[in-house]
Amino acid sequence: MIETIFSGRRLALAAAVTCALGTSLAQARTLETAFGDVEIDGQPERVVTLYEGALDASLTAGVKPLGAVATRGGDGVADYLGDAADGISIVGTARETNMEAVVAQRPDLILASSRLPREQYALLSRVAPTIVPPSEGFSPEAWKEEARLFGDALDRRAAIDEALTAIENRSQSLAARQRDGDTGAATPSTSPSSGTRTSTTRTSATRTSATLARWMPQGPLVMSSRIFSSGLLAATGFEVDDGGVVKAGRPHSDPLSLENLSRIDSDWLFLATLNADGQAALDSARQTPAFARLEVVHNDHVVPVDGQLWTSASGPIAAERILDDIEAVLDRDAMNR
Amino acid sequence: MTTSAIELQPKARAPLATLLLALLTGLALVCLASLLLGAGEVGPAEAWAAIRGDGTADARFVVESLRLPRTLIGVAVGAALGLAGALIQAVARNPLAEPGLLGVSAGSALAVAVALVLGADAATLRVSVAQIGALAGCLFVLAVARVNGVGNDPVRLVLAGAILSGLLGALTSMILLIDQRSADDIRFWIVGSLAGRRLDDLGAILPSLVVALALVIAVARPLAALALGERVAVGLGHRPRWTRLLTVVAAALLVGAATAVAGPIAFVGLVVPFAARALAGPDVRRTLWLSLILGPILVLAADIVSRRLVAPSEMPLGVVTALIGAPVLVAVVRAHRMPAL
């Protein structure tokens with residue numbers, strides 16, 4: 001406790017120095033969170049993130065958290081973060097926080113998910129100021145607001161804004177490229193039966209459709225068109241289609257029956273896997289006759305993607321990596337043309 | 001022992017042949033329904049057209065490549081589980097004995113979890129892994145309960161099975177907590193389902209099913225004699241220890257085969273022999289053959305429900321059988337008189 005106060009003083013001193021130098025103003029600020037207003041003073045140094053989106057935003061802002069939660073289906077932080085996340089202690093999983101591990105880090109700021117339960121908030125907020133973004137339901141744009149809030153909390157809002165602007169610009173240029181390039185129009189020669197589904201001459205109104213799913217032997221899990229990566233697909237000009245499978249208010253879905261696979265037969269199918277080897281997952285999916293006969297498989301428009309990145313993560317760094325994947329798809333498609 | 005022998009006197013019941021014929025008709029109808037109904041857009045009329053050889057390409061694909069394998073596997077799984085249930089209840093002389101309670105399912109689940117952690121892929125997992133686990137689990141339970149004592153105290157066998165199931169279940173959970181990737185892979189295996197299984201899988205378990213069926217034919221008579229009491233069985237020239245061992249091995253092979261293909265499916269092995277006894281009385285030579293047909297009927301019916309309930313998605317079969325089986329278990333326990341076996 002004494003040390004916390006001490007580090008707080010040190011921080012205030014540091015803030016005063018920067019203030020005097022006139023570079024950045026680390027002043028006390030009030031943030032609107034899901035559990036009311038939270039006051040933060042100075043520039044936090046000992047940050048713990050309990051949410052993958054918060055870890056991503058924090059690294060974007062140039063602050064390496066001391067502790068973070070493990071990614072879904074993994075033992076550490078998501079692989080896409082690479083070296084940037086080396087040395088971060090794991091203080092729990094997305095479902096369960098190890099309170100003792102959090103306290104042991106003696107944090108001066110905790111960044112959590114909008115789904116943090118009130119009971120946990122009550123505990124955490126006694127350890128350090130805890131930022132819980134106000135919940136907006138499942139909106140594909142929510143992550144941007146969250147990143148800005150985390151940026152404010154870290155007193156590094158400018159870095160976040162810069163990253164978000166870069167992502168928006170890149171999305172728009174990819175979308176423009178897609179519009180001009182007419183990507184994804186199925187080549188009619190490979191699929192004679194496709195007359196009804198895909199028109200060969202695509203008007204500007206019909207956008208290339210894309211579905212995001214995880215493959216399971218008994219049927220794919222179709223991802224909602226409202227999750228983070230679906231939002232990026234939409235921003236880059238894809239019509240994200242969850243086949244009417246995902247019910248309102250639910251982020252993911254039950255396995256789609258193999259009998260209904262035609263519902264995910266979009267122009268592009270992004271196939272997410274939690275283990276790194278996406279190609280192996282695709283090969284195993286191909287062994288299922290119901291999958292092998294899909295038009296999107298015939299057209300070779302199935303793209304294996306990293307499930308940690310596409311179905312678990314959120315944040316500016318994740319967005320850039322997903323845009324890399326999307327750009328690679330557009331490049332590949334342009335080459336095949 | 002003599003009292004139970006008196007109870008075993010056949011009462012006035014329908015002849016076995018009539019019962020079997022009626023049940024086979026029922027099975028044929030359920031199989032047909034299983035081909036006609038699904039979670040997809042191919043309705044009964046289209047499916048019927050496809051069965052007769054015309055209909056759209058889509059309908060023919062759905063019926064031939066999705067519903068037909070699923071139905072055949074459902075028949076095999078149901079028959080194996082029903083028969084295993086009848087065997088285990090007869091050998092444990094307890095109407096509450098269920099293959100799932102005897103460490104068989106927990107054994108195969110643990111084996112699958114270990115295989116996944118060691119790098120196997122859920123989609124291509126060989127069925128032998130689950131079968132070895134089932135057999136090991138079952139033999140371990142027998143060792144714990146000391147097979148000699150079973151005749152006198154069948155409760156011990158069930159208790160030992162419950163203890164082992166708990167232990168193996170905890171080990172499985174522990175492994176899955178340590179290895180998150182496997183947890184994600186096994187999540188869908190652990191509830192049991194017939195969806196997405198291929199006919200190759202059926203081929204892989206066929207040898208075990210044939211061996212088990214041969215064993216069942218061999219032990220049916222000694223098992224019926226054993227129901228009259230240990231001494232009577234010995235007097236009739238049977239060897240009770242061998243009978244019990246072979247019966248349990250047959251049951252483990254059957255459950256292992258079913259679990260390997262479809263994952264653990266709860267309660268079928270409990271409900272089916274119960275229904276068989278209600279129809280044909282307690283003579284194991286009758287209930288065995290009835291269970292062989294009642295099992296597929298129950299599994300296919302439950303599978304049809306699993307496809308229709310949450311279409312266009314599917315509810316795992318294991319969930320549906322548990323929903324059907326749990327009330328039956330409660331009814332058995334609450335019954336005034338437990339059927340003596």
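The values are calculated or read from the model by the stated rules, or taken from the named source; none is laboratory data. For clarity, every value in this text was computed on a predicted model and none was experimentally measured. Positions of Cβ are backbone-derived with ideal geometry, glycine not excepted, and every protein chain shown enters the neighbour counts.
Which residues, counting only those in the stretch A:82-101, are more than 24 Å from A:GLN120 (Cβ to Cβ) and either of a type in the set (A, V, I, L, M, F, W, C) or part of a loop (DSSP other than H, G, I, E, B) (or both)?
A:ALA84, A:ASP86, A:GLY87, listed by residue number.
Can you give me the number of residues within the stretch B:34-91 that are under 12 Å from the mean Cα position of the chain (by Cα) and farther than 30 Å from B:GLY161 by Cα?
0
Just for helices (runs of 4 or more DSSP H) wholly inside the stretch B:196-302: which have at least 3 residues that are closer than 29 Å to B:ALA22 by Cα?
Result: B:199-226, B:240-262, B:268-280.
Among the residues of the stretch A:76-124, which ones are within 14 Å of chain B (Cβ to nearest Cβ) and of a type in the set (Val, Ile, Thr)?
Selection gives A:VAL77, A:ILE90, A:THR93.
Checking B:ALA257 against (1) surrounded by fewer than 24 Cβ atoms within 10 Å (Cβ to Cβ); (2) touching a residue at least 60 places away in the same chain (Cβ under 8 Å); (3) farther than 21 Å from B:ASN94 by Cα, which test does it fail?
(1)
Which of the numbered conditions does B:VAL42 fail, given that it passes all the others? Conditions: (1) surrounded by fewer than 19 Cβ atoms within 10 Å (Cβ to Cβ); (2) within 12 Å of chain A (Cβ to nearest Cβ).
Result: B:VAL42 fails condition (1) only.
Identify, please: which residue in the stretch B:316-331 is under 28 Å from A:GLY243 (Cα atoms) and crowded, with 22+ Cβ neighbours inside 10 Å and is, among those, farthest from the chain's Cα centre (by Cα)?
From the stretch B:316-331, those under 28 Å from A:GLY243 (Cα atoms) are B:316-320; that's our starting set.
Filter again for crowded, with 22+ Cβ neighbours inside 10 Å, leaving B:316-318, B:320.
Working: B:PRO316: 16, B:LEU317: 13, B:GLY318: 11, B:VAL320: 14 Å.
Per the stated criteria, the residue is B:PRO316.
Of all residues in the stretch B:232-252 being among the aliphatic types (A, V, I, L, M) and without any contact (Cβ under 8 Å) to a residue 60 or more places away in the chain, which is surrounded by the most Cβ atoms within 10 Å (Cβ to Cβ)?
Among those residues, the one meeting the criterion is B:ALA233.
With respect to A:SER171, is the statement that it is in contact (Cβ under 8 Å) with a residue 40 or more places away in the chain, touching a Gly at 6+ places or on another chain (Cβ under 9 Å), part of a helix (DSSP H, G or I) and polar (S, T, N, Q) true?
yes
Return the pairs, sorted by first residue and then second, in which the second residue is of a type in the set (Phe, Trp, Tyr), the first residue lies in the stretch A:279-295 and is assigned to a helix (DSSP H, G or I), the beta carbons are less than 7 Å apart, and the residues are 6+ apart or on different chains.
That search, which allows pairs on different chains as well, returns A:ALA281/A:TRP215; A:ALA285/A:TRP215; A:ALA285/A:PHE291.
Kindly list the number of the only condition in (1) more than 14 Å from chain B (Cβ to nearest Cβ); (2) at pLDDT 80 or above that fails for A:GLN27.
Single failed check for A:GLN27: (2).
Against the condition outside the structural domain of A:GLY62 (by TED's automatic domain parsing) and modelled with pLDDT under 90, how does A:PRO289 come out, does it pass?
When the stated conditions are applied, A:PRO289 passes them.
How many residues, within the stretch B:55-98, are surrounded by 22 or more Cβ atoms within 10 Å (Cβ to Cβ) and among the basic types (Lys, Arg)?
2
Please go through the stretch A:272-307 and pick out each residue that is closer than 30 Å to A:LEU59 by Cα and in contact with a helix residue (DSSP H, G or I) (Cβ under 6 Å, 6 or more places away or on another chain).
A:ALA272, A:THR273, A:LEU274, A:ASN275, A:VAL303, A:PRO304, A:VAL305
Using beta carbons and a limit of 6 Å, which pairs, at least six apart or on different chains, have the first residue in the stretch B:312-329 and within 12 Å of another protein chain (Cβ to nearest Cβ) and more than 15 Å from B:GLY100 (Cα to Cα) and the second one surrounded by fewer than 17 Cβ atoms within 10 Å (Cβ to Cβ) and at pLDDT 80 or above?
B:MET315/B:LEU309
Taking only the stretch B:49-76 into account, find how many residues are more than 14 Å from chain A (Cβ to nearest Cβ) and either of a type in the set (A, V, I, L, M) or assigned to a helix (DSSP H, G or I) (or both).
Filtering the stretch B:49-76 for residues more than 14 Å from chain A (Cβ to nearest Cβ) gives B:49, B:51-55, B:72, B:75-76.
Add one more test, that the residue is either of a type in the set (A, V, I, L, M) or assigned to a helix (DSSP H, G or I) (or both), and what stays is B:49, B:51, B:72, B:75-76.
Qualifying residue count, the stretch B:49-76: 5.
I'd like to check something: does the stretch B:63-70 contain any residue that is basic (Lys, Arg), modelled with pLDDT of 85 or more and within 19 Å of B:ALA302 (Cβ to Cβ)?
Within the stretch B:63-70 (the criterion being basic (Lys, Arg), modelled with pLDDT of 85 or more and within 19 Å of B:ALA302 (Cβ to Cβ)), the answer is yes, since at least one residue qualifies.
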